[in-house]
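**Student:** Starting off with a structure, shown below.
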Amino acid sequence: MPELPEVETIKNALLPLIKGKRISSIDILKPKLIKSDIDVFKTKLIGKTFHDLTRHGKYLFFHLDENLVIIVHLRMEGKFQYMHRGDDILSHARIIFHFADGEALVYRDSRMFGLFYLSDEDHYQSLDFVRKVAKEPFDMNENELFQNINKHQHLAIKTVLLDQSVLAGLGNIYVDETLFRAHINPMTKAKYITLEDTIRILKEARIVLNAAIKKGGSTIKTYHSIDNVDGHFQNDLLVYGKAKEPCPTCHKPLKFTKVNGRGTTYCSSCQYKRGPKTIAITGLYGSGKSSVREIFRKRGYLTYDCDAIAKDLYELKSVKDKVLSLFQMNEIDFNYMRLAIRNDANLDKKLKKILYPELKKYVKSIILKQTNRHLVFEVALLFDAKMEDMFDFVIGVKTSDSIREKRLIKRDANKYYEQNYDRDNHFFEHEKECDIIIINDGDISNLEKKLEPIFDKLNI
Ligand SMILES: [Zn+2]
């Protein structure tokens, strides 16, 4: 999807090509792209000459004779091709402006979400859809932006900044880049964004957009704005499209999540989230995760045990039916299941394929309802279930093998020796992705002492 720098690049590339060109005829191959009256569009524009091309946000304004203005939005895949004589028309041509000298301007759009609207100089800026586009970062001051952000208290800052009526010109790529540079977690609720944060957002948005405009925008995947005009800013992106790669600042792997449906890359370590957080406690069985969770609970945090949640999931009809048929049972029998899984790793995999998506859905629903308290989840198989990106902060709990063995024997000697507890726990492979590792090899007061810095950090 073209963003502000790409649209600016298109404008700069097109203007010298179309300036002074007179339209001799128009082919409208896909009438639905034209949102104003089609007959008027055609009859009024024939014989008119292009004088200027301007832009606001991602809207392009083509200025012609007799005060006419064509408003264009490229949406997802809209592109322009300038056709010199003898050029072939490329695929997905939807609207063609033929010029008196035999050349043409072709609008191409594979998905056809684009918009064309004929207006005039006196009215185009007051049209609803144009007027609701806010100022760009270059024209807006921090107090205006702070007020606009604050109108959306309960939304994530990323969602708010994508709203073009709050600030024009930041799309998915440049919001991720701006928030990374401003050290703000994209999921921070707008109500926790301070004036100082806003000043940083504005400053970084300007830097990012200016740099991208200088380099002609980012040509991502197949998007090419206009023939032979490719942006080069993609080489300068710090986080966008780099999930799991090391953060350029702290070298921890960048996280990927969805914020209101939009893919989002960020560093959970460098991008601080003010307000309530979601915390995961993970580690091998017997490492003492429950003791950590219990300390959080006593301090007034809302805590959840994902093993207990998983057990409750068997009550759901959709889960129960699938599990019964997988194990060929009439009723849920945990002992029977445990034995069957022990001898058949494949069965275990299939069971997890049923349980994990439901568990994720359930945990997500709790997180979505989060009010002003920190949420703490104990998730033994965090990495196995690929749930690590759902949390702001991951605590890994470790202990020495001898202490662990003692704990497990105490819990249930038979189970420990009969079952391969660690078979699916990929904790060691992902240890580096934890935000902090707690070595739990002492007593409770020792453990509390080790957690103290985390409580300090969470309550900033
Ligand atoms: Zn980082």
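The values are calculated or read from the model by the stated rules, or taken from the named source; none is laboratory data. Predicted model, so just to flag it, every value in this text is computed and none were measured. Using ideal geometry, Cβ is built from the backbone for each residue, glycine included, and neighbour counts are taken over all protein chains shown.
**Student:** Which of the residues belonging to region 302-340 are under 24 Å from Ile281 (Cβ atoms), more than 34 Å from the chain's Cα centre (by Cα) and free of Cβ contacts under 8 Å to residues at least 60 places away in the same chain?
**Tutor:** The answer is Phe334, and nothing else.
**Student:** Can you tell me which of Asp401, Asp389 is among the acidic types (Asp, Glu) and farther than 26 Å from Gly442 by Cα?
**Tutor:** The unique qualifying residue is Asp389.
**Student:** Please verify whether region 341-363 includes one or more residues that are closer than 29 Å to Pro186 by Cβ and free of Cβ contacts under 8 Å to residues at least 24 places away in the same chain.
**Tutor:** Among the residues of region 341-363, at least one is closer than 29 Å to Pro186 by Cβ and free of Cβ contacts under 8 Å to residues at least 24 places away in the same chain, which makes the answer yes.
**Student:** Among the residues of region 108-124, count how many are of a type outside the set (Gly, Ala, Ser) and modelled with pLDDT of 95 or more.
**Tutor:** So the count comes out to 9.
**Student:** Pull up region 147-179, narrow it to residues that are over 26 Å from Arg75 (Cβ atoms) and assigned to a helix (DSSP H, G or I), then point me to the one that is farthest from the chain's Cα centre (by Cα).
**Tutor:** Gln147
**Student:** Being closer than 18 Å to His430 by Cα and within 10 Å of the ligand (Cβ to nearest atom) is the filter; apply it to region 236-251 and report the residue that is surrounded by the most Cβ atoms within 10 Å (Cβ to Cβ).
**Tutor:** By that ranking, first place goes to Cys247.
**Student:** Scan region 242-253 and report the pairs whose first residue is under 12 Å from Ser268 (Cα atoms) and whose second residue is more than 7 Å from the ligand (Cβ to nearest atom) and among the β-branched types (Val, Ile, Thr), with Cβ atoms within less than 7 Å and a gap of 6+ or a chain change.
**Tutor:** These pairs meet every condition: Ala243/Thr265.
**Student:** Here is a follow-up. Among the residues of region 292-299, is any within 26 Å of Ser400 (Cα to Cα), assigned to a helix (DSSP H, G or I) and of a type in the set (A, V, I, L, M)?
**Tutor:** yes
**Student:** Could you grab me the full set of residues in region 113-140 that are loosely packed, with under 15 Cβ neighbours inside 10 Å and in contact (Cβ under 8 Å) with a residue 60 or more places away in the chain?
**Tutor:** Listed by number, the list holds a single entry, Phe138.
**Student:** Would you mention how many residues in region 1-33 are closer than 17 Å to His98 by Cα and hydrophobic (A, V, I, L, M, F, W, C)?
**Tutor:** Selection size over region 1-33: 8.
**Student:** With the condition kept exactly as written, say whether any residue in region 266-288 is farther than 22 Å from Pro357 by Cα, surrounded by 16 or more Cβ atoms within 10 Å (Cβ to Cβ), within 16 Å of the ligand (Cβ to nearest atom) and hydrophobic (A, V, I, L, M, F, W, C).
**Tutor:** yes
**Student:** Taking region 382-403 on its own, how many of its residues are assigned to a loop (DSSP other than H, G, I, E, B) and either closer than 23 Å to Gly263 by Cβ or free of Cβ contacts under 8 Å to residues at least 60 places away in the same chain (or both)?
**Tutor:** 9
**Student:** Restricting region 252-265 to residues that are part of a loop (DSSP other than H, G, I, E, B) and more than 16 Å from Phe393 (Cα to Cα), which is nearest to the ligand (Cβ to nearest atom)?
**Tutor:** Asn260
**Student:** The conditions are (1) surrounded by fewer than 21 Cβ atoms within 10 Å (Cβ to Cβ); (2) over 35 Å from the mean Cα position of the chain (by Cα); (3) modelled with pLDDT of 95 or more, and Pro16 fails exactly one of them. Which is it?
**Tutor:** Status for Pro16: all satisfied but (3).
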